[in-house]
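Undergrad: Below you will find the structure I want to go over with you.
The values are calculated or read from the model by the stated rules, or taken from the named source; none is laboratory data. All values derive from a computational prediction rather than experimental measurement. Cβ placement follows ideal geometry from the backbone for every residue including glycine, while neighbour counts extend to all protein chains displayed. All accessible areas refer to the heavy atoms of the entire protein, side chains included, with ligands and DNA or RNA removed. Shrake-Rupley method; radii C 1.70, N 1.55, O 1.52, S 1.80 Å.
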Amino acid sequence: MKQGFLEREAKRANSKNKKMILILLLVVVSLLAFIAFMVKDEIDLSDYQTQKLVLGGAILMGLMLVCAVLMLFLSGRAAADGSKSLRFLFPGETREEVAAIIDREVAEGQILVDEYTEAFPQGKKPRGERVMLLPSYLLYCNTLGQVLAVPREKIYWICAQAGHKGRSSFIVRLLIFTEQKTFYVEGADVAHMQKIADKLYQYIPNVFSAYDPFVLSYELEALFDNNRAAFLQFYEKEKDN
């Protein structure tokens, strides 16, 4: 039976997550083994403080193993049923209903925009998180295999918002205003993230095209959070223009 888009994405993410988790476990176990080898002559299990350290290390290793097994289980469960990887901002539709629509539209080649948050040379493996626009949904596929599905009719505005994260790392956020909340897709390449926003504008009209998005986005973000009615009034006015 031919796999649907969500199932393929879940299996790909599951394979990647397995490798990452196993590599991390191997690194941690190797590091602990090295430390134990270096201090083995200094370890005195009859000493109470040493017993506490050894017990603490054993508990930490146990917790890490439990977390790793749980993550592998959840990732494998999503891979077995692609609809379980779906996440929603709005209630109403079931995972099965949305999954069927997404798989059908992808199978029919109705992919309007398909971009990753990191630019990569042609022929190389895609990097970063995936943003896809279908006739019915905007999809945000993160690196853990979760797929956020946002109905297109509930999206107000999208823009590439430059900013800073912390004190040094420069980022660009793809800022997406929806009926209930805003959410963000982060990248580091200003031109590439702007290209994604421009592609989305072809299908989700930029109602604020008369304004500088890098300035307006911060003002609208604050207005959306603090005075939703004023945001909607401004949005409807610009939409009518």
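Undergrad: For Phe208, all conditions in the list (1) over 18 Å from Asp114 (Cα atoms); (2) buried (at least 18 other Cβ atoms within 10 Å of the Cβ); (3) under 25 Å from the mean Cα position of the chain (by Cα) hold save one; what is the number of the exception?
TA: Only one criterion in (1) over 18 Å from Asp114 (Cα atoms); (2) buried (at least 18 other Cβ atoms within 10 Å of the Cβ); (3) under 25 Å from the mean Cα position of the chain (by Cα) is unmet by Phe208, namely (3).
Undergrad: For the subset of the range 101-126 comprising residues that are aliphatic (A, V, I, L, M) and open to solvent by 60 Å² or more (accessible area, probe 1.4 Å), which member is modelled with the lowest pLDDT?
TA: Top of the filtered list is Ala107.
Undergrad: Moving on to the next point. Take Asp198 and decide whether it is open to solvent by 70 Å² or more (accessible area, probe 1.4 Å) and farther than 30 Å from Arg127 by Cα.
TA: Considered against the rule, which asks whether it is open to solvent by 70 Å² or more (accessible area, probe 1.4 Å) and farther than 30 Å from Arg127 by Cα, Asp198 comes out as no.
Undergrad: Counting just the residues of the range 203-224 that are touching a residue at least 40 places away in the same chain (Cβ under 8 Å) and either in contact with a Ser or Thr (Cβ under 8 Å, 6 or more places away or on another chain) or not in a helix (DSSP H, G or I) (or both), which one comes out nearest to Ala162 (Cα to Cα)?
TA: Glu221
Undergrad: Also, quick follow-up: Between residues in the range 61-72 that are small (Gly, Ala, Ser) and residues that are open to solvent by less than 70 Å² (accessible area, probe 1.4 Å), which pairs lie under 6 Å by C-beta distance while being six or more apart or on different chains?
TA: Pairs that qualify, where the first residue is small (Gly, Ala, Ser) and the partner is open to solvent by less than 70 Å² (accessible area, probe 1.4 Å), are Ala68/Ile21; Ala68/Leu25.
Undergrad: Please go through (1) modelled with pLDDT of 70 or more; (2) under 18 Å from Asn142 (Cα atoms) for Ala78 and return the number of the only condition it doesn't satisfy.
TA: Status for Ala78: all satisfied but (1).
Undergrad: Across the range 134-156, what is the total count of residues that are in contact with a strand residue (DSSP E or B) (Cβ under 9 Å, 6 or more places away or on another chain) and either within 30 Å of Lys19 (Cα to Cα) or in a strand (DSSP E or B) (or both)?
TA: 15
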